[in-house]
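Here's the structure we're looking at; comments come further down.
The values are calculated or read from the model by the stated rules, or taken from the named source; none is laboratory data. Not measured: the values here are computed from a predicted model. Here the Cβ is made from the backbone with ideal geometry for all residues, glycine too, and neighbour counts use every protein chain on show.
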Amino acid sequence: MVRNYTGQLIVQDDPKAIGSEAFRTLRTNLQFASLNEELVTISLTSTGLSEGKSVVCSNLAVSIAQTGSRVILVDCDLRKPVIHRIFGLRNSVGLTTVLTGQSDIESALQKTGSENLRVLTAGPIPPNPAELLQSKSMQQTLEEIKGLADKILIDAPPVLPVADAMILASYVDGVIFVVGVHQAPREMVRRAKEQLESTNVRILGVVLNKVKYNSRSEHYYYDYYRSSEHDG
């Protein structure tokens with residue numbers, strides 16, 4: 001069964017929602033985390049499958065782009081890519097066709113509904129994902145992308161199932177760890193965190209995803225938002 005990702009871009013579609021505000025808070029926290037050094041390349045990963053890291057990555061990319069920064073989102077999950085579904089983009093060209101010399105970066109980058117945000121989808125699924133991600137071509141591609149954007153967000157595969165996330169962690173300035181609440185067992189989360197730390201990567205923080213809001217907290221948020229609009 002193919003999951004339907006329609007309507008997952010809450011920051012773009014419903015900017016006043018609680019979730020949208022959470023992504024703006026995450027964006028601000030990243031700005032404070034990089035006061036001493038600029039974070040250009042940021043990878044998002046998770047412990048296992050279906051914790052929502054691709055949706056988090058996509059909404060964070062939109063949120064950063066809304067500040068005027070040029071953002072490129074790269075789908076580096078070459079085994080189960082979903083970024084193209086979230087944004088409704090084609091996937092016939094993408095990272096894999098760039099890495100194998102079948103297309104150049106500029107022709108593979110796609111515009112989105114958000115100004116300042118472009119996406120490099122994963123492209124056709126290859127037989128050797130880890131080898132491609134570890135190649136010199138991958139390093140050169142990331143260097144070239146750095147010249148085209150202010151921020152690069154990388155949607156990486158989960159840590160535990162495959163080595164891909166560990167490979168990508170060595171290329172970036174920092175990693176955001178997405179954890180699905182009540183989904184990933186605590187011991188597995190701890191093990192994934194230790195694996196990331198073994199690469200000496202900078203873990204920027206943890207995003208708790210799939211948190212349920214009760215109606216009372218939601219009403220409080222909207223009342224506060226409306227009163228702030230009237231006051232300002």
Condition check for residue 162: modelled with pLDDT under 95, assigned to a loop (DSSP other than H, G, I, E, B) and touching a helix residue (DSSP H, G or I) at 6+ places or on another chain (Cβ under 9 Å) | yes
Within region 5-55, restricting attention to residues that are surrounded by fewer than 18 Cβ atoms within 10 Å (Cβ to Cβ) and among the β-branched types (Val, Ile, Thr), which residue is farthest from residue 163 (Cα to Cα)?
-> 18
Taking the condition under 17 Å from residue 46 (Cα atoms) and surrounded by 24 or more Cβ atoms within 10 Å (Cβ to Cβ), does residue 157 pass?
-> yes
Would you kindly identify the helices (runs of 4 or more DSSP H) lying entirely within region 53-104 that contain at least 2 residues that are among the aliphatic types (A, V, I, L, M), over 16 Å from residue 149 (Cα atoms) and under 10 Å from the mean Cα position of the chain (by Cα)?
-> 53-65
Scanning region 10-36 for residues that are at pLDDT below 85, among the aliphatic types (A, V, I, L, M) and outside any helix (DSSP H, G or I) gives 35
